[in-house]
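Let me begin by presenting the structure, written as structure tokens, before commenting on it.
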């Protein structure tokens, strides 16, 4: 049983490391576009924009489209992480505004 737990722990670590590497690489490549968008067409705040991206990914996942050219599941996980980060930044900024 311990061997199964060790293997599972190793796989979880590997998946988390892969997700972290993907997020950091995309952030380096695209800049901080998810949390600080250019706002050319949309004036929505970053939290709402990330939610729209999550909706798009869920739609692709449900339809089974896009999987041949992208890792929809990993992208979805990445957007969920970015959503949590964006919400933390909003809370932090509102706390700093009150100080």
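Quick notes on this structure:
- Residue check, residue 76 touching a residue at least 24 places away in the same chain (Cβ under 8 Å), surrounded by 13 or more Cβ atoms within 10 Å (Cβ to Cβ) and either touching a strand residue (DSSP E or B) at 6+ places or on another chain (Cβ under 9 Å) or closer than 17 Å to residue 22 by Cα (or both): no
- Every residue from the stretch 45-61 that is over 21 Å from residue 27 (Cβ atoms) and surrounded by 13 or more Cβ atoms within 10 Å (Cβ to Cβ): 58, 60, 61
- Failed criterion for residue 64 (all others in (1) free of Cβ contacts under 8 Å to residues at least 40 places away in the same chain; (2) surrounded by 10 or more Cβ atoms within 10 Å (Cβ to Cβ); (3) more than 15 Å from the chain's Cα centre (by Cα) hold): (2)
Here, each number is a calculation from the coordinates, and none is a lab measurement. Only a predicted model underlies this, so the values are computations on that prediction, with no experimental measurement involved. So basically every Cβ, Gly included, is an ideal-geometry build from the backbone, and we count neighbours across all protein chains shown.
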